[in-house]
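Beneath this line is the structure, given in structure tokens, with notes to follow.
No value in this document is a laboratory result; all are computed from the given coordinates. Given the structure is predicted, the values throughout are model-derived calculations rather than measurements. Cβ placement follows ideal geometry from the backbone for every residue including glycine, while neighbour counts extend to all protein chains displayed.
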Amino acid sequence: MGQLVDHAYFDMLGVPLQLGRGFREDETRMDSPVPLLVLSDGLWRRRFGADPSILGRKVVINGLSYTVTGVAPRGFRGIDRGLVGSSGRRCRCSPA
């Protein structure tokens with residue numbers, strides 16, 4: 001399960017992305033026209049074969065389309081352990 005985060009999320013936590021970038025301030029406004037996504041390392045490996053060309057591609061997750069800006073480092077689970085990865089729900093994702 002993902003989290004809706006602010007543009008400063010990864011910088012504030014001191015978490016360097018292993019691929020790509022996080023979000024710019026103008027990209028995280030609620031009226032932003034393009035929903036963006038930083039993939040977890042596990043999802044990137046399982047669903048997208050650790051393909052580094054995933055950056056900038058559109059992917060569909062649970063029926064919603066996102067553009068990938070980055071990949072989080074291996075083992076990073078976010079700051080809300082009760083929220084991320086604990087639902088047991090399967091995530092349906094595919095290239096758009």
What is the Å³ per residue value for the convex hull set by the Cα atoms of the stretch 9-86?
109 Å³
Neighbour counts of other C-beta atoms within 10 Å: give me 30, 12 arranged from fewest to most.
30, 12
